[in-house]
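Down below is the structure, laid out as structure tokens.
The values are calculated or read from the model by the stated rules, or taken from the named source; none is laboratory data. Please read these numbers as outputs of a predicted model, since none were measured by experiment. We place every Cβ from the backbone using ideal geometry, glycine too, and count neighbours over all the protein chains shown. Keep in mind that these areas ignore ligands, DNA and RNA; they rest on the heavy atoms of the full protein, side chains included. Shrake-Rupley method; radii C 1.70, N 1.55, O 1.52, S 1.80 Å.
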Amino acid sequence: MLTAAGRKLCSVSFGKSLLKTLQNSQALKTCPHLRKISTSSKRNTVMPAWVIDKYGGNDVLRFNENMLFPTINYPNEVIIKVHAASLNPIDVNMRSGYGSASLNMTRDPLSIKTSGSEFPLILGRDVSGVVMECGVNVQYFKPGDHVYAALPPWKQGTLAEFVVASGNEISLKPKSLSDTEAASLPYAILTAWAALVNSCGLKKEKCPGKRVLIIGASGGVGTAAVQLLKAWGAHVTAVCSEDATPLMKDLGADDIIDYKAEKLDEQLKSREMFDVILDNVGGSTEELALQCLKPWSGASFVTLVTPFLYNNDRLGIADGMMRTGITFGSKVVKHLCKGINYRWGFFTPSGPSLDEITELVEAGKIRPVVDDVFSFTEVPKAFSKMEEGHARGKRVIKVV
């Protein structure tokens, strides 16, 4: 219990403290060389970003100077200041609405939000930049770290000044690469990793001597796959157009096939059979699996062109997944009867996988392949270039 003397002492102490505060305040007014110090730091509430407010063509892209600043919602998240981003085919497809049914279900699994609540939507999957803020459970990164990552498509994208990512999705940027170069790698090489490692079971210990055919080898995923496989000691046959031949040779492909010269299946008849086929093109190329893979040897055909998202968009989630399951199951059985494993590959964000890729980059075994670099004001132009196709590597956006 506070005594009368104690109360008096507190009163005197409070009076002295108040007098000192007033004196300091008066000093600030009369002495301009004194600087006022605030204990609460100002933080941004808005940022510039490229967004879409509806699905459609290139005209739906809009520069928004007042996009809400991202916040950390989970303890394992970080905020990254974006220095560079890059475009992938999925960004063009998402702009047009591809996959919206599945992605919106992932964003809002309980269907709490109203229709169209994903807008304004920021596109872009790749990022290279600097960590600005960390959640309380982030252990391996700190503010100031230079990182790179590929974000899953159900999250807000990287064509913005800042972006939020999970600590499990990021990795320290290779010191030998600029931000522009680093931003060209993650999504493409993690897609190739998911197809080759997760779907086909290929690892660096199993790759030496394996014969791998890559269809569509000159795009972002193709160039990443060629380098990854060569770093692990595989024999790589690249299928591309004639003008991409110098690039394929430079990346170390052992054999190069110009698909325009004559029918692909005719050209492949003269080659030894393969252990793995990675298909980046789709269509009739699946028929090559039964002709060109070694039967009953564990050989695998993996394609990145699947009807999963398309079926969900067209038929709804339930019917779409049922149709997808029937399609996949029938193809698995068809190929298994011939002694071949049939697989689908899907992009998977993974910081630990990027850690291994960083080691290969630093060892000089993997390098970025950049086709064009655009400023942040030229994002619509970059999308237009993406739609033209026939890229030789990645198209990168310099945000800073």
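Tabulated results
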| quantity | calculated |
| --- | --- |
| Choice from 139, 156, 227 showing the highest fluctuation, given a GNM over the chain with Cα pairs closer than 10 Å | 139 |
| Mean projection area, nm², convex hull over Cα of the stretch 219-335 | 8.5 |
| Percent accessible area from carbon and sulfur atoms, the stretch 188-288, protein chains only, probe 1.4 Å | 47 |
| Most to least accessible of 310, 98 (protein chains only, probe 1.4 Å) | 310, 98 |
| Relative contact order computed over the chain (Cα-Cα under 8 Å; 6+ residues apart), in percent | 18 |
| Helix 351-362 axis, angle to the chain major axis (alpha carbon atoms, nearest 10°) | 70 |
| Å² of accessible area per residue within the chain, as computed with a 1.4 Å probe and no ligands counted | 50 |
| Largest-first ordering by accessible area, 1.4 Å probe, given options 374, 69 | 69, 374 |
| With Cα atoms, 0 to 90° folded angle of helix 4-30 axis to the chain main axis | 70 |
| The chain: most fluctuating residue of 66, 280, 93 per GNM, C-alpha cutoff 10 Å | 66 |
| Total formal charge among the other residues, if their Cβ is under 14 angstrom from that of residue 386, Lys/Arg +1 and Asp/Glu -1 | 0 |
| FRET efficiency, residue 381 to residue 261 (Cβ-Cβ, R0 30 Å, nearest 0.05) | 0.35 |
| Label of the coordinate-derived value, Cα extents along the principal axes in Å, listed as [x] 73, 55, 40; [y] 101, 47, 47; [z] 62, 58, 46 | [y] |
| Projected area averaged over orientations for the stretch 65-153, convex hull of C-alpha atoms, nm² | 6.9 |
| Accessible area, probe 1.4 Å, largest first, for residues 263, 331 | 263, 331 |
| Most fluctuating residue given options 195, 244, 149, as computed from a GNM of the chain linking Cα atoms under 10 Å | 244 |
| CD proxy at 222 nm, helix term only [per DSSP H run n ≥ 4: -39500 (n - 2.57); per residue of the chain; nearest 500] | -10000 deg cm²/dmol |
| For residue 243, solvent-accessible area (1.4 Å; no DNA, RNA or ligand), Å² | 110 |
| For the stretch 312-396: span of alpha carbons on each principal axis (Å, largest first) | 46, 35, 25 |
| Proximal aspartates and glutamates relative to residue 203, as straight alpha-carbon distance under 18 Å, when same-chain residues fewer than 8 apart are discounted | 275, 355, 356, 359 |
